Amino acid sequence: MTRTLSPLTLAISLALVAPATFAQESAPAEARTLDTLIVTGTRVSDRTVAESQSPIDIITPEVLQSTGTTELATALARALPSLNFPRPAVTDGTSGVRPAQLRGLSPDQVLILVNGKRRHISALVNVNGSIGRGSSAVDLNAIPVSAIERVEVLRDGASAQYGSDAIAGVVNIVLKGAGKGGSLAVDVGGYSAGDGGNTQLSGDTGVSFGDGRGFVHVAGQLTQQDETNRAGPYQGTAPNTGNNPAVGQVAFVYGDPQVDAGAVSANAGFDFSDNVSAYATAIASNRDIVSFAFYRSRNHSSQGALLAQVYPDGYVPEINQLSQDRSLVAGIKGDTESGWKWDVSYNYGYNHLKFYTQNSINYSLGTSSPRRFYDGALEYTQNVLNADVSKPLEIGLAYPATLSFGAEYRQEKWNQSPGELNSYTGGGAQGFGGFTAENAVHSDRDNYAAYVALEADVTDRFSAGIAGRYEDYSDFGDAVTGKLSARYAFTDTLAVRATASTGFRAPSLAQQNYQVITSSVDSSGVFTQRGTFPATSAAAAALGAEALTQEESTSYSLGLVLQPSERLYVTVDAYQIKIDDRIVLSSPLNIDPTAAANAGSPSRLAAANAAQALLAGLGINGVTSFNYFTNAVDTRTRGVDVVASYTVPFAASSLELTASYGYSETEITSIAADPAAWATFAALSPSRIGRDEIGRIEEGYPKDKAILGATWKTGHWAFALAATRYGSFTNRPSSGAANDQTFDDQWILDASASYKPTTQWTLTLGADNLLDSYPDRSIFANSTSGMLPYSNYSPAGFNGAYVYGRIAYKW
């Protein structure tokens with residue numbers, strides 16, 4: 001077992017060794033990074049990274065491309081210790097549209113911006129047992145990496161500045177905007193296990209027009225990714241039944257999905273005059289994703305005779321998602337002779353997910369059943385009108401203060417469309433039954449917001465800011481948030497910073513309206529038909545559900561900034577985030593009479609029959625498990641982030657070093673009492689917030705993560721080495737404490753070598769997870785009889801070593 005350092009010890013160690021250890025950029029590049037003007041978390045026009053009152057990271061294109069990954073979310077997770085991006089499998093739509101979490105919080109508690117404008121969320125709702133269960137988050141992988149100039153990550157609450165979702169922080173993706181130059185690259189890679197082949201063609205270029213007054217920078221990428229499979233052989237005692245193959249047979253497909261994707265973007269601007277300019281940004285992506293459901297044996301259910309004709313060896317249903325993602329931002333901005341700056345914009349976002357189940361069957365249709373079914377679609381649309389105004393004011397301070405204010409109108413729509421009749425009649429398509437006509441949803445809402453902020457350098461050493469925001473939603477009410485921030489420089493090399501803020505997150509339309517019945521198998525191999533219903537539905541109301549309201553947060557941070565030399569930069573930031581009325585998906589109420597009878601519990605059987613009768617009276621049949629969304633949990637998250645960078649110059653080369661560490665611990669401080677209606681069925685489930693959901697929130701992610709990196713550049717060569725340590729995490733299944741498992745920490749080593757024969761060409765060979773490290777295997781009780789040997793919570797996935805090559809050309 002690997003020895004684990006305490007969070008405090010590791011944080012101190014990283015800070016102390018920074019001068020002699022690890023970072024990202026050469027001395028000149030590092031100076032430019034610290035002097036980079038930031039646009040996230042401030043509306044002061046000349047604020048830099050080093051002067052920020054809140055912790056902020058700048059992720060450059062070189063950092064994003066320093067590993068073999070072709071996914072933006074994966075690249076960010078390898079650069080930021082506070083970001084977690086696991087790779088769940090056999091989780092329906094979540095397998096293909098995976099969420100990321102910041103500071104251990106929910107994926108929908110971080111706000112994503114593109115060029116400072118709100119990015120729309122995905123239409124998907126994560127309802128299976130993965131990190132981010134119950135959330136609807138932004139699909140980061142819909143944005144082409146080749147389009148990105150840099151990523152600014154604000155690790156601080158910012159609802160008062162940006163509105164809903166900015167509880168854990170803000171990720172602002174800044175696109176390339178040069179009117180000249182470009183690049184073209186080909187990436188090819190695959191896993192040492194012999195699968196997961198990945199090919200990507202990407203590029204970007206900029207052109208100027210109108211005598212240099214206008215520019216357009218376009219980018220695009222085409223990606224083809226094969227699936228991986230790390231399933232294990234069946235080791236149970238009931239072969240060729242239900243979801244079990246023959247003993248020793250590997251039948252499941254457990255790993256990354258198959259993906260064919262294309263994405264394009266355009267970032268443009270035009271100066272009408274010295275004081276007025278227009279801008280526009282458009283991004284479009286299509287992804288064809290094939291993930292995998294649970295294996296069905298040749299004797300699945302009671303259909304042995306039918307399956308002998310159709311799938312004599314059993315089958316693995318495939319879930320095919322077709323994701324269409326579109327966005328457009330267009331605006332006009334300018335300034336006046338008196339110093340007023342203004343920006344008016346329109347923001348459109350759209351995500352459409354079509355679902356198909358293939359390599360499947362509807363048993364009720366016999367041998368005439370189709371093998372591919374259209375299951376329906378989810379659709380999210382966002383329209384935003386925004387106006388921002390700011391002006392430097394002389395108010396008697398040493399420097400002008402910046403007053404900013406603005407207003408926003410946002411309209412959202414979320415639709416759930418039914419599938420074809422064959423996908424849900426009878427038993428429905430095996431693997432992923434279609435959305436029924438009764439489950440069709442067409443929901444919408446709008447909200448109005450207004451904010452005001454004042455930020456100033458009070459003296460040459462002290463800066464401070466205050467912000468307030470009011471929002472009014474048509475579906476649940478209003479919210480008021482505020483933020484205070486300050487920074488004091490004791491010397492040119494030592495400064496402290498602190499923030500205090502309140503925040504909120506509006507319940508998504510999907511959380512308020514999603515309803516579906518899906519089939520799944522728990523860690524003990526029990527097959528269920530899980531029904532998820534809106535809190536306002538008759539079914540959920542019968543179990544005591546209440547309409548969702550907003551989450552409310554209170555955040556504090558205190559940081560230390562050290563710049564003892566031009567080449568050394570160290571920050572240490574501690575924080576606390578309290579969230580009240582956090583929205584979670586309840587644990588399932590198991591209402592299967594057969595399972596209750598087999599358990600030999602008369603009270604459980606009686607409760608199951610009563611629940612079945614209740615649902616049948618509402619026209620719902622065949623459901624063996626039931627849950628809904630609820631504001632039932634209060635949490636408190638405490639943590640610390642440490643970032644250090646240092647460059648060692650040599651006569652003909654340089655050694656660039658970084659060290660970063662993130663620690664985050666979330667505790668559930670309160671759980672709302674179960675409603676009386678739920679207590680009626682207590683024999684089936686002791687609480688609507690079960691131990692599995694508590695464990696997922698508190699311990700399902702690594703509490704700490706450390707990243708050490710070194711790059712040596714000399715002549716035509718560059719050699720990079722990065723080591724990432726993921727801390728331990730724990731799986732607490734609903735089956736009981738006897739099956740709890742804590743997974744040891746894991747080290748991942750990445751290495752690459754690049755050769756530049758000319759200033760334009762770069763040839764790279766590398767390996768992610770060079771030492772072919774795998775997480776601990778799940779204990780047998782949690783592995784579906786050995787067939788799913790790794791936890792979906794594993795932060796680095798469970799694919800093993802990835803080897804890649806890249807050829808890049810720049811002009």
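FYI, it's all coordinate maths here, none of it is from the lab. All of these numbers come straight from a predicted model, not from anything done at the bench. Because the Cβ atoms are built from the backbone with ideal geometry, glycine has one as well, and the counts that use them run over all protein chains shown.
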Column: log10 I(q)/I(0), Debye, Cα scatterers of region 601-651, q = 0.14, 0.16, 0.26, 0.32 Å⁻¹: -0.66, -0.74, -1.05, -1.20
Counting only complete DSSP H runs, which helices of the chain cover 20 Å or more along their long axis at the Cα atoms and score a mean Kyte-Doolittle of 0.0 or above? 602-617
If we restrict to alpha carbons, what Rg and Dmax does region 80-226 come to, in Å? 17.6, 56
Let me see the P(r) profile for region 235-293: every Cα-Cα distance counted, bins of 5 Å, each bin given as a percent of all pairs. 4, 13, 12, 9, 10, 8, 7, 6, 6, 6, 5, 4, 3, 3, 3, 1
On average over all directions, what projected area in square nanometres does region 380-523 have, based on the convex hull of its Cα atoms? 14.4
How big is the Cα convex hull of the chain in projection, averaged over all directions, in nm²? 33.4
Regarding region 196-263, what whole-number volume in Å³ per residue does the convex hull of its Cα atoms give? 91
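Assuming a viscosity of 1.567 mPa s and a temperature of 4 °C, what translational diffusion coefficient in µm² per second does Stokes-Einstein assign to region 594-703, Rh being the Kirkwood radius over Cα pairs? Don't skip to the answer; put the middle values down first.
On the way: Rh = 18.6 Å.
Rounded, D is 70 µm²/s.
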Distribution of pairwise C-alpha distances over region 526-624, 5 Å bins, in %: 2, 10, 14, 14, 11, 8, 7, 6, 6, 5, 5, 5, 4, 3, 1
Report, in cubic angstrom per residue, the convex hull volume of the C-alpha atoms of region 648-703. 87
What is the dipole size for the chain, taken about its Cα centre, with +1 at each Lys and Arg Cβ and -1 at each Asp and Glu Cβ, in debye to the nearest 20? 940
Over region 741-811, what lengths in whole Å, largest first, do the semi-axes of the equivalent ellipsoid take, defined as the square roots of 5 times the eigenvalues of the alpha-carbon gyration tensor? 37, 11, 8
Taking only the alpha-carbon atoms of region 287-421, what semi-axes of the equivalent ellipsoid follow from 5 times the gyration tensor eigenvalues under a square root, in whole Å, largest first? 59, 14, 10
Cross-link candidates for LYS756: which lysines have Cα within less than 20 Å, leaving aside residues fewer than 8 places away along the same chain? LYS713, LYS810
Which of the aspartates and glutamates could a cross-linker bridge to LYS176, judged by Cα under 13 Å and excluding same-chain residues fewer than eight apart? GLU149, ASP204
So how long is each side of region 259-336 along the principal axes, counting just the alpha-carbon atoms, biggest first, in Å? 79, 18, 13
Globularity index of region 147-261, i.e. its alpha-carbon radius of gyration over 2.2 N^0.38 Å: 1.74
Which of LEU64, LEU83, SER136, positive extreme of dipole for region 32-153 (C-beta unit charges): SER136
Just tell me which aspartates and glutamates come within less than 17 Å, Cα to Cα, of LYS333; anything on the same chain fewer than 8 places away is out. ASP271, ASP274, ASP343, ASP388, GLU408
Using the Karplus curve 6.51 cos²θ - 1.76 cosθ + 1.60 with θ = phi - 60°, what ³J(HN,Hα) values do you get for each residue of region 143-148, in whole Hz, with x for Gly and Pro? 9, x, 4, 5, 8, 8
Just to check I understand the Karplus step: with θ = phi - 60° and J = 6.51 cos²θ - 1.76 cosθ + 1.60, what whole-Hz values come out for region 128-135, glycine and proline as x? 9, x, 10, 4, x, 4, x, 9
Across region 640-646, in residue order, what do the Karplus-derived ³J(HN,Hα) couplings come to in whole Hz, using 6.51 cos²θ - 1.76 cosθ + 1.60 with θ = phi - 60° and x for Gly and Pro? 8, 10, 10, 10, 9, 9, 7
Radius of gyration and Dmax over the Cα atoms of region 77-138, both given in Å: 11.5, 35
Tell me what the chain gives for mean residue ellipticity at 222 nm when only DSSP H runs of n ≥ 4 count, each as -39,500 (n - 2.57), the sum divided by the residue total, rounded to 500 deg cm²/dmol. -2500 deg cm²/dmol
Please name whichever of ILE748, SER327, LEU568 sits farthest to the positive end of the charge dipole of the chain, dipole taken about the Cα centre and charges placed at Cβ: Lys and Arg +1, Asp and Glu -1. ILE748
Of THR36, THR499, ILE591, which is farthest on the positive side of the dipole of the chain, counting Cα position, with +1 on Lys and Arg Cβ, -1 on Asp and Glu Cβ, and the Cα centre as origin? ILE591
